[in-house]
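Take a look at the structure set out below.
The values are calculated or read from the model by the stated rules, or taken from the named source; none is laboratory data. No experiment lies behind these values; they were computed from the predicted model shown. Here the Cβ is made from the backbone with ideal geometry for all residues, glycine too, and neighbour counts use every protein chain on show. Accessible surface areas use protein heavy atoms only, side chains included; no ligands, DNA or RNA. Shrake-Rupley method; radii C 1.70, N 1.55, O 1.52, S 1.80 Å.
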Amino acid sequence: MSRSVLYDATRCTGCRACQIACKQWHNLPGRPTENTGTYENPPNLNANNLTRIHYTELEDNGRFRWVFAKLQCMHCEHPGCVEACIVGALQKQENGPVTYDEAKCIGCRYCQVACPFGIPCFEWDKPVPWIRKCTFCADRLSIGLDPACVNTCPTGALKAGERDELLTEARARIAALPEKYYDHIYGEKEAGGTSWIYLSPVAFSEVGFADVGTEPVTVNAARAMRLVPPVLLGVAVTVTGIYWLTRRKQKMKELAEEKAKRMAEK
Amino acid sequence: MSGQKRRFPIGLAILTFLVLLGLVPIIIRYVYGLGAISNLSDGRPWGFWISFDLYCGVALAAGGFTLAAWVYLFHREKYHAVAPGDIDGIPGLYPGDTGFAGRPRPTLVYLACNHLLEYPFAAVRSGHLCDNLYGGTGIRIQPGGLRGSE
């Protein structure tokens, strides 16, 4: 039972209704529009923008073409942020979401460093700041509703469901229209699999998606950390040995001196 | 009785000045947030301080620990005078501590929600942190050691 969302870029029109729905559900303030040279707005995720549509401008047979991509927390199956969080404020829920408990967070920002997709954002302007990222609308999921963005999407580019069912459907969509889709499901195996999965008409590298590999980001860290207990024990044993040896040497030396002294007295 | 007034030591005066100077960004931080006093961003959430702490703080402490090891493990007693130690009955803690002592203080400002700092300490005491670090599905990411718990 793991909820998942399929984003189909061929169906997205870039209307940004998902961005508005997200702000409404989370009661987040708007951000004044800055002209940055593209139609993309806002230009980046931050603590008040948990999702956004990324606009990629491409040339397709001499014609201008937009390809859209909805960015938010991917809710990884093996989340780096959860593994990095030292106080357990971030947790992967059984039904899909990676949730954040601000009552536990100490603001070390380890999750921001650990995330392979660069998603968690920090409230840089607050005296008591927290980490902010897409919540997968865990509160809505818990009462059987779909996430706010999925609910509002007018073109059906977003679809919520069980992960394996959505993967099957994504494969079926590619098989039905192979000329329309790029033959890859981003998130099926990326970073060990994510709860949000993507279909695109062009290669994902062209839309600016990172090639994070298929290995969960947690694997290497576990490999390194497994060495800590034996190394610690090894150091303790070595140091104790050195202490014992040098002390013994000193004692022997003292004994020899005493003996020499006694011999001299005789 | 010499009528001379005892002068405020010049070294202490300099250090007091530095402390007062440091108070200004701390106050700004608690009014306008970390963004106002640092150049950190979501793209670069860890900055100069963490590397300064890692490379200088640990390096300073390493010198102390090496000295302590030399005196207490290798029994080079003639250097005992520069590594007096014996804090809490642990020989050699003192020289190493000269490097460590300065570390938790900037961390308090650097960590965002330091009023919750009790949590990791309580977690260590209750053994919860060890569960978090080594329990569950696997061993946890800690490339920088126990950084968050300072």
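Considering only protein heavy atoms and a probe of 1.4 Å, how much of the accessible area of region A:1-45 is carbon and sulfur, as a whole percent?
That fraction is 52 percent.
Taking R0 as 35 Å, what FRET efficiency do you get between residue A:66 and residue A:219 from their Cβ-Cβ distance, rounded to the nearest 0.05?
In this case the efficiency is close to 0.45.
Between the chain alone and the structure with every protein chain in place, find the residues of region B:26-56 that drop at least 10 Å² of accessible area; heavy atoms, 1.4 Å probe.
B:29, B:30, B:31, B:32, B:33, B:34, B:35, B:40, B:41, B:42, B:45, B:46
Go ahead and set up a Gaussian network model of chain A, Cα springs under 10 Å, then flag whichever of A:131, A:242, A:20 fluctuates most.
Result for chain A, Cα springs under 10 Å: A:242 fluctuates most.
Which cysteines in chain A lack any other cysteine whose Cβ sits under 4.7 Å from their own Cβ?
Unpaired cysteines in chain A: A:12, A:15, A:22, A:76, A:85, A:105, A:108, A:115, A:121, A:137, A:153.
Which GluC sites (Glu not before Pro) from region A:79-111 combine a DSSP loop assignment with at most 12 other Cβ atoms within 10 Å?
Values: sites: A:83, A:94, A:102; in loops: A:94, A:102.
Sites meeting the loop and neighbour criteria: A:94.
Please build a GNM for chain A, connecting alpha carbons under 10 Å apart, and tell me which residue among A:16, A:52, A:248 fluctuates the most.
Of A:16, A:52, A:248, the Gaussian network model singles out A:248 as fluctuating most.
In terms of solvent-accessible area of protein heavy atoms at a 1.4 angstrom probe, what is the ranking of B:17, A:136, highest value first?
Of B:17, A:136, the descending order of accessible area is B:17, A:136.
Using the structure shown, list the pairs from A:23/A:133; A:92/A:159; A:23/A:70; A:251/B:78; A:70/A:104 with a Cα-Cα distance above 18 Å, or answer none. Numbers along the way, then the final one.
Working: A:23/A:133 12 Å; A:92/A:159 21 Å; A:23/A:70 15 Å; A:251/B:78 16 Å; A:70/A:104 29 Å.
Cα-Cα > 18 Å for A:92/A:159; A:70/A:104; rest within.
Could you give the accessible area per residue of region A:199-247, probe 1.4 Å, as a whole number in Å²?
Working: 3080 Å² over 49 residues.
Ligands and nucleic acids excluded, the result is 63 Å² per residue.
Nearest 500 deg cm²/dmol is fine: what mean residue ellipticity at 222 nm does chain A get from its DSSP H runs of n ≥ 4 alone, each adding -39,500 (n - 2.57), divided by its residue count?
Rounded to the nearest 500, the figure is -10500 deg cm²/dmol.
Taking each residue of A:144-151 in turn, how many C-beta atoms of other protein chains fall within 10 Å of its C-beta, and what is the average?
Partner Cβ neighbours, averaged per residue: 0.
Quote the total accessible area buried by chains B and A together, excluding ligands, DNA and RNA, probe 1.4 Å, nearest 100 Å².
Buried: approximately 3600 Å² between A and B.
Sorted by packing (mean other beta-carbon atoms within 10 Å per residue), highest first, where do A:33-44, A:110-121 land?
On the way: A:33-44: 12.3, A:110-121: 22.2.
Highest-to-lowest ranking by the protection proxy: A:110-121, A:33-44.
Give me the log10 of I(q) over I(0) for chain A at q = 0.12, 0.13, 0.14, 0.15 Å⁻¹, as the Debye formula computes it from C-alpha points; what are the numbers?
Calculated log10 I(q)/I(0) at the listed q: -0.78, -0.89, -1.01, -1.14.
Under 1.5 on a/c is rounded, so check that first for region A:3-47, then, if it is not, pick prolate when a/b is larger than b/c and oblate when it is not; a ≥ b ≥ c are the square roots of the alpha carbon gyration tensor eigenvalues.
Cα axes put region A:3-47 in the oblate bin.
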